[in-house]
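See below for the structure under consideration.
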Amino acid sequence: MNCPERERLFDHTQRLLDQPEAARVRAHLEACPQCSRVVDGYLRLDSVLDEWTTVEPSPGFDARVRQAVETSQAGSAARGLWGLRWAGGLALASLGILLVAGLVWLTRSHRPVSVPATVATQSPRPTAPAPTPREVAKLTPPSVASHQAVTAPQPVTELEPKAVSSSEDEDAHALEDDDLVANFDLLSEIPKGEARVAN
Amino acid sequence: MNSPQLFPGQCVVYNVASMAIKSDLELMLRVRRGDAASFETLLSRYRVPLMGFLRRMVRDQALAEDLAQEVFLRVYKARERYQPEARFTTWLYRIATNLALNAIRDRKDEVPESGSEEAEGGPVIERFVDPQPTVEQQLMKGDRERLIRGAVESLPENQRLAVLLHKYQEVDYRQIAGILRVSESAVKSLLFRAYETLRLRLEPLLREGRI
């Protein structure tokens with residue numbers, strides 16, 4: 001008698017065989033006590049395995065799942081809100097930077113207009129002694145004069161040492177520019193004849 | 001999906017099954033659209049089988065509940081990525097299987113593997129076939145259950161999963177193949193080898209049942 005393989009018998013107990021194959025196995029089992037015992041063993045094992053029962057979730061299980069889902073939703077919403085806040089903050093910061101940059105640009109581009117006011121406040125030219133024609137003749141070119149404003153202070157700066165010492169770098173540059181303007185002012189005040197004499 | 005019309009009885013069964021499947025899909029699609037009631041329905045439908053699967057996997061009620069909660073949470077979080085082509089239960093048990101295996105591996109460093117022979121003071125079979133007078137006492141219901149549990153838990157991982165999914169969760173071979181990412185023939189082979197091992201290990205119980 002050709003007995004089927006054990007795996008085939010197992011498949012039979014699991015109802016995995018097609019109808020013709022299952023019919024052949026059934027016919028064999030009726031005539032073969034050995035194979036019948038094997039099949040009986042698998043079926044009995046199935047029934048024994050059923051004895052391993054399990055328990056249901058505890059009463060609070062569903063509530064905990066709901067809570068976890070709600071917490072997850074709240075977390076997502078908070079992350080979304082935080083994202084919006086972050087984006088808003090970034091936009092405000094960008095706007096602030098643009099405003100500051102615009103103000104700086106405006107200030108710099110209108111500097112010649114503001115110079116007289118600065119000079120008026122910083123250099124007390126009206127009270128300074130007027131230079132003699134000889135001094136005027138000795139005046140150096142504006143570029144050199146501006147350099148000297150830092151290295152060798154002009155009389156104007158000597159009058160206000162505080163302004164130079166307490167000012168920032170930008171103020172120092174502004175002072176140099178003021179000196180330039182002042183020098184040109186002085187030149188324009190020189191009578192033509194005297195200038196000609198000096199030359 | 002076309003229903004076979006050759007056998008009326010078979011057709012009815014087939015249609016009922018497809019309705020159940022469609023129902024899971026339908027519920028999940030509704031969850032995807034934000035329907036909380038559909039999520040509640042899925043929760044009530046699968047809380048007990050999922051809990052049973054995880055409880056048998058990790059052998060710890062509290063841990064199993066934590067994992068089951070995590071499974072449902074992940075289902076909810078991943079609702080927008082859910083593919084209607086896949087069966088819901090395949091997806092559900094795949095998540096559960098991965099979480100359970102991770103939990104078991106994490107716990108391995110702390111205590112002996114759950115269900116391993118050394119975990120409860122020696123090999124299951126040796127304890128069972130020990131010819132002491134306590135054998136009859138061990139055959140009390142609780143002990144029988146403990147022996148069955150020990151025998152299943154001592155199976156190799158994939159065989160154990162196949163048995164749990166097929167025997168206790170009534171998941172079909174095709175789905176088990178999808179959950180374990182193996183072929184259907186591999187699932188058949190896993191189950192056959194598992195049953196052969198269990199048949200030998202639980203032989204005393206099988207004999208007891210025969211008397």
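The values are calculated or read from the model by the stated rules, or taken from the named source; none is laboratory data. Predicted model only: the values in this text are computed from it and were never measured. Please note: Cβ atoms are built from the backbone with ideal geometry, for glycine as well, and neighbour counts cover all protein chains shown.
For the stretch B:177-189, give me each residue that is within 12 Å of another protein chain (Cβ to nearest Cβ) and either within 22 Å of B:LEU99 (Cα to Cα) or without any contact (Cβ under 8 Å) to a residue 12 or more places away in the chain (or both). Give the derivation first.
Quick first cut of the stretch B:177-189, residues within 12 Å of another protein chain (Cβ to nearest Cβ) only: B:184-185, B:187-189.
Residues satisfying the conditions are B:GLU184, B:SER185, B:VAL187, B:SER189.
I'm told B:ARG160 meets every condition in (1) more than 14 Å from chain A (Cβ to nearest Cβ); (2) modelled with pLDDT of 55 or more except one. Can you identify the failing condition by its number?
Single failed check for B:ARG160: (1).
More than 22 Å from B:SER189 (Cα to Cα) and either without any contact (Cβ under 8 Å) to a residue 12 or more places away in the chain or surrounded by fewer than 18 Cβ atoms within 10 Å (Cβ to Cβ) (or both), is that true of A:GLU30?
Numbers: more than 22 Å from B:SER189 (Cα to Cα): yes; either without any contact (Cβ under 8 Å) to a residue 12 or more places away in the chain or surrounded by fewer than 18 Cβ atoms within 10 Å (Cβ to Cβ) (or both): yes.
Against the criterion (more than 22 Å from B:SER189 (Cα to Cα) and either without any contact (Cβ under 8 Å) to a residue 12 or more places away in the chain or surrounded by fewer than 18 Cβ atoms within 10 Å (Cβ to Cβ) (or both)), A:GLU30 qualifies.
Hey, could you check the stretch A:33-54 for residues that are over 23 Å from B:ASP172 (Cα atoms) and either within 60 Å of the chain's Cα centre (by Cα) or free of Cβ contacts under 8 Å to residues at least 24 places away in the same chain (or both) and say which is nearest to the other protein chains (Cβ to nearest Cβ)?
A:ARG37
If you take the residues in the stretch A:55-64 that are facing chain B (nearest Cβ under 7 Å) and not in a loop (DSSP other than H, G, I, E, B), which one is nearest to B:GLN61 (Cα to Cα)?
Only one residue fits best here, namely A:PHE61.
Scanning the stretch A:4-23 for residues that are of a type outside the set (A, V, I, L, M) and loosely packed, with under 14 Cβ neighbours inside 10 Å, which turns out nearest to the chain's Cα centre (by Cα)?
First pass over the stretch A:4-23, keeping only residues of a type outside the set (A, V, I, L, M): A:4-8, A:10-15, A:18-21.
Next, only the ones that are loosely packed, with under 14 Cβ neighbours inside 10 Å stay: A:5, A:15, A:18-20.
Details: A:GLU5: 70, A:ARG15: 64, A:ASP18: 67, A:GLN19: 70, A:PRO20: 72 Å.
Here the answer is A:ARG15.
Of the residues that sit in the stretch B:77-89 and are in contact (Cβ under 8 Å) with a residue 24 or more places away in the chain and surrounded by fewer than 17 Cβ atoms within 10 Å (Cβ to Cβ), which one is nearest to the other protein chains (Cβ to nearest Cβ)? Talk me through it step by step, then tell me what you get.
Initially, the stretch B:77-89 is screened for residues in contact (Cβ under 8 Å) with a residue 24 or more places away in the chain, giving B:79-80, B:82, B:84, B:86-89.
Next, from what is left, pick out any that are surrounded by fewer than 17 Cβ atoms within 10 Å (Cβ to Cβ): B:80, B:82, B:84, B:86.
Working: B:GLU80: 11, B:TYR82: 15, B:PRO84: 21, B:ALA86: 21 Å.
Ranking the candidates gives B:GLU80 first.
Can we say B:LEU155 is closer than 20 Å to A:VAL39 by Cβ and either part of a loop (DSSP other than H, G, I, E, B) or within 10 Å of another protein chain (Cβ to nearest Cβ) (or both)? Reasoning before the result, please.
Working: closer than 20 Å to A:VAL39 by Cβ: no; either part of a loop (DSSP other than H, G, I, E, B) or within 10 Å of another protein chain (Cβ to nearest Cβ) (or both): yes.
No.
From the list B:ALA162, B:ALA186, B:ALA177, pick out the single residue that is in contact with a helix residue (DSSP H, G or I) (Cβ under 9 Å, 6 or more places away or on another chain), within 23 Å of B:MET51 (Cβ to Cβ) and among the small types (Gly, Ala, Ser). Explain how you work it out, then say what you get.
Details: B:ALA186 fails: within 23 Å of B:MET51 (Cβ to Cβ); B:ALA177 fails: within 23 Å of B:MET51 (Cβ to Cβ).
After applying the criteria, what remains is B:ALA162.
Among A:GLN19, A:GLN67, which is facing chain B (nearest Cβ under 10 Å) and farther than 19 Å from B:LEU198 by Cβ? Break it down into steps so the answer makes sense when it comes.
Numbers: A:GLN19 fails: facing chain B (nearest Cβ under 10 Å).
Every option except A:GLN67 fails the conditions.
Kindly indicate whether B:ARG174 is at pLDDT below 95 and either within 10 Å of chain A (Cβ to nearest Cβ) or over 21 Å from A:ARG8 (Cα atoms) (or both). Don't jump to the end; show me each part of the working.
Working: at pLDDT below 95: yes; either within 10 Å of chain A (Cβ to nearest Cβ) or over 21 Å from A:ARG8 (Cα atoms) (or both): no.
No, not satisfied.
Could you list, in sequence order, all residues of the stretch B:32-51 that are more than 9 Å from chain A (Cβ to nearest Cβ) and among the aromatic types (Phe, Trp, Tyr)? Quick ask: steps written out before the conclusion?
As a first pass, look at the stretch B:32-51 and keep what is more than 9 Å from chain A (Cβ to nearest Cβ): B:32-35, B:37-38, B:41-42, B:45-46, B:49.
Listed by number, the list holds a single entry, B:TYR46.
Looking only at the stretch B:60-69, filter to residues that are surrounded by fewer than 18 Cβ atoms within 10 Å (Cβ to Cβ) and charged (D, E, K, R); which one of those is farthest from the other protein chains (Cβ to nearest Cβ)? Full working, then the answer.
First, the residues of the stretch B:60-69 that are surrounded by fewer than 18 Cβ atoms within 10 Å (Cβ to Cβ): B:60-62, B:66.
In the following step, the residues that additionally are charged (D, E, K, R) were identified as B:60, B:66.
Working: B:ASP60: 12, B:ASP66: 9 Å.
Per the criteria, the residue is B:ASP60.
Could you list all residues from the stretch B:185-211 that are aliphatic (A, V, I, L, M) and either surrounded by 16 or more Cβ atoms within 10 Å (Cβ to Cβ) or part of a loop (DSSP other than H, G, I, E, B) (or both)?
Within the stretch B:185-211, the first condition is being aliphatic (A, V, I, L, M), and the residues that meet it are B:186-187, B:190-191, B:194, B:198, B:200, B:202, B:205-206, B:211.
Of everything in the stretch B:185-211, those that are aliphatic (A, V, I, L, M) and either surrounded by 16 or more Cβ atoms within 10 Å (Cβ to Cβ) or part of a loop (DSSP other than H, G, I, E, B) (or both) turn out to be B:ALA186, B:VAL187, B:LEU190, B:LEU191, B:ALA194, B:LEU198, B:LEU202, B:LEU205, B:LEU206, B:ILE211.
Answer with yes or no whether A:VAL69 is loosely packed, with under 10 Cβ neighbours inside 10 Å and either in a helix (DSSP H, G or I) or modelled with pLDDT of 65 or more (or both). Lay out the reasoning, then the answer.
Working: loosely packed, with under 10 Cβ neighbours inside 10 Å: no; either in a helix (DSSP H, G or I) or modelled with pLDDT of 65 or more (or both): yes.
The answer is no for A:VAL69.
Out of the residues in the stretch B:172-184 that are out of contact with any Asp or Glu (no Cβ under 7 Å at 6 or more places or on another chain) and closer than 15 Å to B:ILE95 by Cα, state the one that is surrounded by the fewest Cβ atoms within 10 Å (Cβ to Cβ).
In the first step, residues of the stretch B:172-184 are kept if they are out of contact with any Asp or Glu (no Cβ under 7 Å at 6 or more places or on another chain); the result is B:172, B:175-176, B:178-184.
If we keep only those that are closer than 15 Å to B:ILE95 by Cα too, we end up with B:175-176, B:178-181.
Values: B:GLN175: 21, B:ILE176: 26, B:GLY178: 20, B:ILE179: 25, B:LEU180: 19, B:ARG181: 9.
So, considering only residues that are out of contact with any Asp or Glu (no Cβ under 7 Å at 6 or more places or on another chain) and closer than 15 Å to B:ILE95 by Cα, the one surrounded by the fewest Cβ atoms within 10 Å (Cβ to Cβ) is B:ARG181.
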